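Trainee: Mind looking over this structure? Questions follow.
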Number of protein chains: 2
Amino acid sequence: MAKKIKAPSGMRDFLPDELRKRKYVIKIISDIYEKHGFSPLETPSMERLSLLLDKYGDEGEKLVFKIMKRGDKLARALADGKNESELADMGLRYDLTVPLARVYSNNRHQLTGTFKRYQIQPVWRADRPARGRFREFYQCDVDIIGSSHFFAELDIFLAVCEIMDKLNFSDYFLSLNDRNLLSAILKGFACPAELETSVLTTLDKLDKIGVKGVVGELESKELPDGLQEKLKDYVTAMAEVKDEGNQAVLEKFSIFIRGFNDSSALKYLEKIEKIMTIFSELGYADRLIFDPLLARGLDYYTGSIFELKIGEEKSSFGGGGRYDNLIGDIGGQQVAAVGFSFGLERIIDHLLAKEMLEIEHGVDLCLACLDEKYFTYAAKVAAIFRNQEIKVDFYPRKRSPSKIFRWASKKGIPRVVLIGGDEVTEKKITVKNFSTGKFVEIKLDKIDDFIKKIKT
Amino acid sequence: MAKKIKAPSGMRDFLPDELRKRKYVIKIISDIYEKHGFSPLETPSMERLSLLLDKYGDEGEKLVFKIMKRGDKLARALADGKNESELADMGLRYDLTVPLARVYSNNRHQLTGTFKRYQIQPVWRADRPARGRFREFYQCDVDIIGSSHFFAELDIFLAVCEIMDKLNFSDYFLSLNDRNLLSAILKGFACPAELETSVLTTLDKLDKIGVKGVVGELESKELPDGLQEKLKDYVTAMAEVKDEGNQAVLEKFSIFIRGFNDSSALKYLEKIEKIMTIFSELGYADRLIFDPLLARGLDYYTGSIFELKIGEEKSSFGGGGRYDNLIGDIGGQQVAAVGFSFGLERIIDHLLAKEMLEIEHGVDLCLACLDEKYFTYAAKVAAIFRNQEIKVDFYPRKRSPSKIFRWASKKGIPRVVLIGGDEVTEKKITVKNFSTGKFVEIKLDKIDDFIKKIKT
């Protein structure tokens with residue numbers, strides 16, 4: 001067999017040091033979701049291909065990893081004209097939202113009322129691998145099904161902020177907008193429906209390309225008479241107040257909305273204002289920013305949309321919104337829903353790059369037994385440590401102390417406990433501490449003091 | 001789209017109650033492995049198909065889920081004669097041992113010395129689904145690479161026993177044998193090499209079909225003159241002492257081995273004896289049973305083999321052994337290795353069937369806010385609880401108390417905290433406790449006492 005068989009392209013092996021850091025971040029996220037009353041859910045890695053391809057369209061057709069049929073079914077498909085679409089019956093999970101919708105519609109009776117779930121599992125996309133873009137990566141979703149009230153948005157925002165605080169991010173914030181306000185603006189400006197997506201995509205780039213860039217893009221589009229001027233005025237006005245705080249943005253934005261005489265739009269604006277006020281009262285004033293140009297890509301959003309940002313970083317670290325129709329599309333009956341997906345991989349990368357995760361070695365000490373006849377004593381000593389939550393790596397070979405020291409020191413293990421004949425006879429242990437370089441002998445009846453020292 | 005799209009055949013959605021129990025078991029296992037100095041490892045769900053098919057042979061060809069090639073590569077494969085084997089390039093992970101061997105040989109320099117790892121991830125097999133047999137299921141492996149000493153076996157056994165103790169199993173034990181002893185017996189009886197597998201498979205059935213069954217199967221085989229008698233004597237002798245404890249089995253067995261004048265076999269027997277003695281000294285005398293008929297299926301074992309059993313249950317709850325050649329087969333350079341795989345799914349099933357896992361609801365209380373203007377107060381109350389590790393499910397809708405009570409009670413949430421106008425004015429909370437059916441009002445300055453009560 002070939003030597004050096006690599007992991008598949010765009011996929012990663014997680015060796016212990018990196019994996020421990022990932023697990024640390026995932027544990028913080030799931031603990032906080034649990035404390036906020038969200039329940040865990042896990043779904044199979046595969047879904048029926050019909051469900052996946054129906055939901056993600058052309059993108060899905062290209063990017064879903066497809067599982068080949070097996071046995072007779074494959075033989076028949078190969079015999080029957082060998083059409084690509086007939087050869088596979090399942091696909092790997094592409095996101096966590098479609099599986100959630102399927103689970104909810106299959107278990108509607110049991111999950112009735114509201115269902116608040118979080119799900120942290122890998123997804124797969126056959127994208128071209130690139131820096132920071134993988135073909136297998138974790139998603140971390142939290143959703144509330146069964147509530148159309150903005151309490152649900154607040155419930156999610158509070159959990160997200162607690163997670164970001166706990167991860168020691170000081171400069172994060174959530175951008176907030178509502179799809180209905182975007183529609184109201186475009187309707188007010190009499191923008192033709194077929195141009196909406198193109199116009200929204202351009203407006204959404206204000207943070208990235210500035211007023212000039214946005215105006216330039218607008219000028220390059222073929223827009224009806226007057227629409228270009230209206231959009232330019234609007235984006236210029238929004239850019240002017242952008243950095244003056246939520247109140248200024250809300251006031252300026254509401255001038256446009258009030259100009260349209262659109263009472264339902266005013267209701268959506270009022271909802272945004274209420275959410276902002278409550279968040280301020282809770283001491284999170286700077287964590288929620290009203291951004292009337294935020295658009296977000298996915299078609300299925302029907303109300304609020306939001307993105308998690310960190311400081312000046314252009315790209316988002318998570319996002320979500322309200323999707324009151326998606327579950328009905330999959331399961332038959334409409335149910336209100338709102339959700340947020342943490343950009344887990346990007347957040348971990350950021351924490352690693354900024355060295356915000358302490359490098360914690362997994363093991364407190366290595367315990368080595370110099371001969372078989374001392375094993376029982378050594379195992380009893382190991383048990384004393386482990387019973388007090390000290391992580392003991394038993395060295396599973398019989399080698400000389402110097403070789404053991406070299407190995408442990410290379411591995412970054414802070415100390416080695418040696419068990420030889422003297423240790424057994426005198427009921428003691430001998431410790432080599434790499435930070436001091438010294439040997440210390442400790443009697444078993446004083447081991448508790450030693451354990452206390454390790455723990456501090 | 002069709003209603004009621006199910007999860008793929010043989011795969012499971014894990015809803016919150018069941019998932020919490022699974023997570024509880026997995027956490028116990030991983031915490032204990034960590035305390036024993038094993039490091040976590042995770043590998044991609046896919047491996048290159050060449051690696052998988054080469055390693056699992058015919059079984060793999062049938063049971064590995066294959067990922068179809070994509071884009072141009074698929075088009076070319078379809079144009080080029082449409083051969084089944086050309087259509088796929090990757091397969092889903094079939095076990096955790098082959099990925100470990102690949103990772104080790106790719107990172108040999110970094111993992112040098114000994115590498116003790118645990119890995120808990122799903123694997124996939126396109127088997128016919130049946131009760132207790134799934135197409136996606138978790139494996140939970142622990143392995144030590146780089147030690148040929150029996151310290152490594154002991155290291156694994158001690159962690160396994162600690163896990164079983166912690167999970168409250170009272171009647172588990174490990175069966176232990178050595179492939180080299182099986183070979184020595186067959187060599188001593190002059191059994192032809194081509195009959196070895198067949199004979200061992202029959203001997204291994206003693207627990208399941210008894211002496212008569214084994215003798216019957218032996219009689220149905222075409223064996224050389226004298227071999228049948230020798231095997232019958234042997235299995236009868238072993239069955240006689242089987243229930244008389246390790247010492248009796250070891251003594252009886254060693255009579256056969258000594259009869260062969262095979263000094264290397266005596267060495268392997270001596271190793272077994274040493275392991276048994278040490279285990280006894282550690283208070284685990286009943287947890288390790290020498291079973292000279294234990295064979296285990298996999299070809300790659302080269303030394304000790306072992307299985308985890310529970311009470312009278314015929315099937316095993318985990319198993320493993322020493323495989324000193326496998327990593328060399330994959331990576332080029334021979335490295336000693338020994339590992340154990342927990343039958344995680346079977347253990348969880350057993351714990352559930354015997355009701356050995358407490359049914360713990362995920363949430364301590366549901367907090368409901370009766371109007372938007374009380375939300376800030378409600379969120380502050382929720383934060384007080386959560387800061388003291390109370391799990392608070394905020395009810396994300398605006399509904400009447402009676403509807404909230406009905407929902408919470410159906411969900412099994414033990415109590416509801418209501419926040420309305422009086423609560424805000426009088427700085428209190430109103431609690432409906434479902435176990436007493438009573439309402440209690442608690443002033444905010446007494447909330448710590450209430451939290452203490454919830455915790456006990």
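Trainee: In Å², rounded to the nearest 100, what is the total accessible surface buried by chains A and B against each other with a 1.4 Å probe?
Mentor: In total, chains A and B hide about 9600 Å² from solvent.
Trainee: Here is a further query. Calculate, for residue B:260 and residue B:198, the FRET efficiency according to 1/(1 + (r/R0)^6) with r their C-beta to C-beta distance and R0 25 Å; round to the nearest 0.05.
Mentor: Using R0 = 25 Å, I get an efficiency of 0.75.
Trainee: Which aspartates and glutamates have a Cα lying under 19 Å from the Cα of residue B:230, excluding residues fewer than 8 positions away in the same chain?
Mentor: List returned: B:194, B:196, B:204, B:217, B:219, B:222, B:240, B:251, B:262, B:291.
Trainee: Within 11 Å, Cβ to Cβ, of residue A:22, how many net charges do the neighbouring residues add up to if Lys/Arg are +1 and Asp/Glu are -1?
Mentor: 0
Trainee: Another question about this same structure. Which whole-Hz couplings ³J(HN,Hα) result when phi for each residue of region B:195-201 is put into the Karplus expression 6.51 cos²θ - 1.76 cosθ + 1.60, θ = phi - 60°, listed in order with x for Gly and Pro?
Mentor: Rounded to whole hertz, the list is 9, 3, 4, 4, 5, 4, 4.
Trainee: Under 1.5 on a/c is rounded, so check that first for region A:1-107, then, if it is not, pick prolate when a/b is larger than b/c and oblate when it is not; a ≥ b ≥ c are the square roots of the alpha carbon gyration tensor eigenvalues.
Mentor: Taking the square roots of the gyration eigenvalues as a ≥ b ≥ c, region A:1-107 is oblate.
Trainee: Averaged per residue, what accessible area in Å² does the protein assembly as shown show with a 1.4 Å probe, protein chains only?
Mentor: 44
Trainee: Students sometimes get this wrong: rank A:102, B:76, B:131 by accessible area, probe 1.4 Å, all chains present, largest first.
Mentor: Values: A:102 0, B:76 135, B:131 235 Å².
Solvent-accessible surface, decreasing: B:131, B:76, A:102.
Trainee: Can you list which of the trypsin sites (Lys or Arg not before Pro) found in region A:272-328 are DSSP loop residues with at most 10 other C-beta atoms within 10 Å?
Mentor: A:314
Trainee: Beyond 18 Å, what percent of the Cα pairs of region B:1-52 remain? Numbers along the way, then the final one.
Mentor: On the way: 855 of 1326 pairs.
Summing the P(r) of region B:1-52 above 18 Å gives 64 percent of all pairs.
Trainee: Per-residue Cβ counts within 10 Å, from other chains only, averaged over B:64-77: what number is that?
Mentor: 4
Trainee: I'd like the distance separating the alpha-carbon centroids of region A:275-316 and region A:384-436, in whole Å.
Mentor: Answer, in whole Å: 52.
Trainee: Find the percent of Cα-Cα distances in the protein assembly as shown that exceed 57 Å, and round it to a whole number.
Mentor: Summing the P(r) of the protein assembly as shown above 57 Å gives 20 percent of all pairs.
Trainee: Normalising by the residue count of region A:335-456, find the relative contact order in percent from Cα pairs under 8 Å and 6+ residues apart.
Mentor: After rounding, I find 23 percent.
Trainee: May I pose another question? What's the carbon and sulfur percent of region B:16-353's accessible surface, probe 1.4 angstrom, rounded to a whole number?
Mentor: Carbon-and-sulfur percentage of accessible area, whole number: 45.
Trainee: Here's a follow-up. What fraction of the DSSP beta bridges in region A:365-455 is antiparallel, stated in percent and rounded to the nearest 5?
Mentor: 55
Trainee: Can you tell me what share of the DSSP beta bridges in chain A is antiparallel? A percent to the nearest 5 is fine. Spell out each step's value before the answer.
Mentor: Numbers: 47 of 59 bridges.
Close to 80 percent.
Trainee: Extending each Cα 7 Å along its Cβ direction at residue B:436 and residue A:349, get the distance between those two points in nm, one decimal.
Mentor: That separation, rounded to one decimal, is 5.4 nm.
Trainee: What residues in region A:1-30 lose 50 Å² or more of accessible surface when the other protein chains are added to their chain alone (1.4 Å probe)?
Mentor: A:1, A:4, A:5, A:8, A:13, A:15, A:16, A:19, A:20
Trainee: Roughly how many Å is it from the Cα centre of region B:10-52 to that of region A:28-87, as a whole number?
Mentor: Using only Cα atoms, the two centres lie 21 Å from each other.
Trainee: Return the calculated 222 nm mean residue ellipticity for the protein assembly as shown, to the nearest 500 deg cm²/dmol, obtained by summing -39500 (n - 2.57) across DSSP H runs with n ≥ 4 and dividing by the residue count.
Mentor: Mean residue ellipticity at 222 nm (helix-derived): -14000 deg cm²/dmol.
Trainee: Restricting the calculation to Cα positions, tell me the Rg (one decimal) and the Dmax (whole number) of region A:134-207 in Å.
Mentor: When restricted to Cα atoms, region A:134-207 yields Rg and Dmax of 16.9, 46 Å.
Trainee: How high is the relative contact order of chain A? Use alpha-carbon pairs under 8 Å, at least six apart in sequence, and give a whole percent.
Mentor: The normalised contact order for chain A reaches 14 percent.
Trainee: Principal axes first, then extents: for the Cα atoms of region A:76-214, list largest minus smallest coordinate on each axis, whole Å, largest first.
Mentor: Principal-axis extents of the Cα atoms in region A:76-214, largest first: 58, 39, 36 Å.
Trainee: A further question follows. What's the FRET efficiency of residue A:127 with residue A:299 using the Cβ-Cβ distance as r and R₀ = 22 Å, to the nearest 0.05?
Mentor: Efficiency at R0 = 22 Å is approximately 0.70.
Trainee: A further question follows. Give me the accessible area of residue A:20, 1.4 Å probe, in Å² rounded to the nearest 10.
Mentor: For residue A:20, solvent-accessible area is about 40 Å².
Trainee: In what sequence, largest accessible area first, do B:416, A:424 appear using a 1.4 Å probe?
Mentor: Order by accessible area, largest first: A:424, B:416.
Trainee: Using protein chains only and a probe of 1.4 angstrom, how many square angstrom of residue A:31 are accessible, to the nearest 10?
Mentor: 70
Trainee: From the Cα gyration tensor of region B:193-295, with a ≥ b ≥ c the square roots of its eigenvalues, which class applies: rounded if a/c is under 1.5, or else prolate if a/b is larger than b/c, or else oblate?
Mentor: Details: a/c = 2.30, a/b = 1.60, b/c = 1.44.
It comes out prolate by the Cα gyration axes.
Trainee: I've got another one for you. Provide the FRET efficiency to the nearest 0.05 for the residue A:247-residue B:425 pair, computing r from the beta carbons and using R0 = 22 Å.
Mentor: On the way: r = 28 Å, r/R0 = 1.29.
That pair, residue A:247 with residue B:425, gives E of 0.20.
Trainee: Mind running the shape call on region B:16-353? Use the C-alpha gyration tensor, a ≥ b ≥ c as the square roots of the eigenvalues: rounded below 1.5 for a/c, prolate if a/b tops b/c, oblate otherwise.
Mentor: Working: a/c = 1.71, a/b = 1.37, b/c = 1.25.
Prolate shape, in that a/c is at least 1.5 and a/b is the bigger ratio.
Trainee: Determine the percent antiparallel among the DSSP beta bridges restricted to the protein assembly as shown, to the nearest 5.
Mentor: 80
The values are calculated or read from the model by the stated rules, or taken from the named source; none is laboratory data. Owing to the predicted nature of the structure, the values given are computational and were not obtained by experimental measurement. Neighbour counts are summed over all protein chains in view; Cβ atoms, including those assigned to glycine, are modelled from backbone coordinates with ideal geometry. When the accessible area is computed, the model is the full protein with side chains, heavy atoms only, and any ligands, DNA or RNA have been set aside. Shrake-Rupley method; radii C 1.70, N 1.55, O 1.52, S 1.80 Å.
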